[in-house]
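The values are calculated or read from the model by the stated rules, or taken from the named source; none is laboratory data. Source: prediction; values computed, not measured. Note: ideal-geometry Cβ built from the backbone for every residue, glycine included; neighbour counts use all protein chains shown.
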Amino acid sequence: MFVCAVCRHEKSREDNVEKVFHVDGRYVLVRGIPSTVCARCGEPVFTRETTERTRALIRSGAAPAESTRMDTLDFAS
Ligand SMILES: [Zn+2]
């Protein structure tokens with residue numbers, strides 16, 4: 001049964017999400033990752049297989065579908 005690790009909500013939906021990874025000193029956005037998403041807060045959960053396939057994709061050196069500039073903000077303390 002689904003229980004969200006962030007907000008403990010118990011309802012979820014299947015959806016494709018995007019996520020930024022920091023690997024070997026570079027940031028990579030991976031789009032269209034299948035996941036189970038918390039219906040309340042949107043926290044995604046990936047299966048072990050999906051996580052392994054995502055890591056393999058990032059390390060494969062595949063040509064990016066596109067490149068984009070990313071703004072960076074520091075959390076004000
Ligand atoms: Zn949640």
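Restricting segment 20-41 to residues that are within 16 Å of the ligand (Cβ to nearest atom) and either under 22 Å from Asp71 (Cβ atoms) or not in a loop (DSSP other than H, G, I, E, B) (or both), the residue that is nearest to the chain's Cα centre (by Cα) is Ser35. The condition of being in contact with a helix residue (DSSP H, G or I) (Cβ under 6 Å, 6 or more places away or on another chain) and surrounded by 11 or more Cβ atoms within 10 Å (Cβ to Cβ) holds for only one of Val37, Val17, Val45, Val28, that being Val28. Say we look at segment 42-73 and pick out the residues that are within 30 Å of Arg8 (Cβ to Cβ) and in a loop (DSSP other than H, G, I, E, B); which of these is farthest from the ligand (Cβ to nearest atom)? Ranking the qualifying residues of segment 42-73, first place goes to Leu73. What is the one condition in (1) touching a strand residue (DSSP E or B) at 6+ places or on another chain (Cβ under 7 Å); (2) within 16 Å of the ligand (Cβ to nearest atom); (3) hydrophobic (A, V, I, L, M, F, W, C) that Ala5 does not satisfy? Going through the list (1) touching a strand residue (DSSP E or B) at 6+ places or on another chain (Cβ under 7 Å); (2) within 16 Å of the ligand (Cβ to nearest atom); (3) hydrophobic (A, V, I, L, M, F, W, C), Ala5 breaks only (1). Selection of first residues in segment 4-27 that are within 20 Å of Thr54 (Cβ to Cβ) and of a type in the set (Val, Ile, Thr) and of second residues that are at pLDDT 95 or above and exposed (fewer than 10 other Cβ atoms within 10 Å of the Cβ), restricted to Cβ pairs under 9 Å at least 6 apart or on distinct chains, gives the following pairs, ordered by first then second residue: Val17/Gly32.
Taking segment 18-28, which residues are among the aliphatic types (A, V, I, L, M), in contact with a strand residue (DSSP E or B) (Cβ under 6 Å, 6 or more places away or on another chain) and within 10 Å of Ile58 (Cβ to Cβ)? Result: Val28, single match.
Applying the criterion of being over 25 Å from Arg59 (Cα atoms) and of a type outside the set (Asp, Glu) to the residues of segment 8-17, the residue that is farthest from the ligand (Cβ to nearest atom) is Arg13.
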